[in-house]
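Step one of this worksheet: look at the structure below.
The values are calculated or read from the model by the stated rules, or taken from the named source; none is laboratory data. Please read these numbers as outputs of a predicted model, since none were measured by experiment. Methodologically, a virtual Cβ is constructed for each residue, glycine included, from the backbone with ideal geometry; neighbour enumeration extends over all protein chains shown. Remember, those area values only see protein heavy atoms, side chains included, never the ligands or the DNA or RNA. Shrake-Rupley method; radii C 1.70, N 1.55, O 1.52, S 1.80 Å.
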Amino acid sequence: MNSYIFSAAARSERKEDLVEFVYQKKSGETSWRKIDLAFEDSNLVKGYDKQDANNYKTFKKNHIVGKRLLRIS
């Protein structure tokens with residue numbers, strides 16, 4: 001039980017790494033996304049979507065318009 005309490009405390013102390021980008025779905029629809037970045041590699045970005053109740057999501061970099069992530073924190 002103590003490890004669970006420690007884990008919850010560690011997560012709440014994590015500093016957000018906020019990025020924004022324009023994402024285009026396969027349908028052609030675009031949306032401005034703002035996420036707390038948790039993972040990034042050459043193909044994907046993953047993080048907590050600030051516009052969708054902090055749900056954890058994965059975005060393909062080849063769908064990011066201009067291939068640009070704007071770091072805001």
Completion exercise
Across the stretch 26-60, the tally of residues that are touching a strand residue (DSSP E or B) at 6+ places or on another chain (Cβ under 8 Å) and either over 21 Å from ARG14 (Cα atoms) or of a type in the set (Gly, Ala, Ser) (or both) stands at 9
Problem - Residues located in the stretch 17-60, provided they are over 18 Å from ARG71 (Cβ atoms) and either of a type in the set (Gly, Ala, Ser) or not in a strand (DSSP E or B) (or both) - result: LYS25, LYS26, SER27, GLY28, GLU29, SER31, ASN43, ASP52, ALA53, ASN54
Exercise for the section: Residue by residue through the stretch 9-28, note down the ones that are loosely packed, with under 10 Cβ neighbours inside 10 Å and either modelled with pLDDT under 90 or in contact with an Asp or Glu (Cβ under 7 Å, 6 or more places away or on another chain) (or both). Expected result: ALA9, ALA10, ARG11, SER12, GLU13, ARG14, LYS15
Problem - Inter-residue pairs, beta-carbon under 8 Å, first in contact (Cβ under 8 Å) with a residue 40 or more places away in the chain and on the phi < 0 side of the Ramachandran plot and in the stretch 56-72, second part of a strand (DSSP E or B) and open to solvent by 70 Å² or more (accessible area, probe 1.4 Å), 6+ apart - result: HIS63/GLN24; ILE64/GLN24; VAL65/GLN24; VAL65/THR30; LEU69/GLU40
Exercise for the section: Return the only residue of PHE59, PHE39 being open to solvent by less than 60 Å² (accessible area, probe 1.4 Å), of a type in the set (Phe, Trp, Tyr) and at pLDDT 95 or above. Expected result: PHE59
Problem - Whichever residue in the stretch 62-73 is assigned to a loop (DSSP other than H, G, I, E, B) and of a type in the set (A, V, I, L, M) and, among such residues, is most open to solvent (accessible area, probe 1.4 Å) - result: ILE72
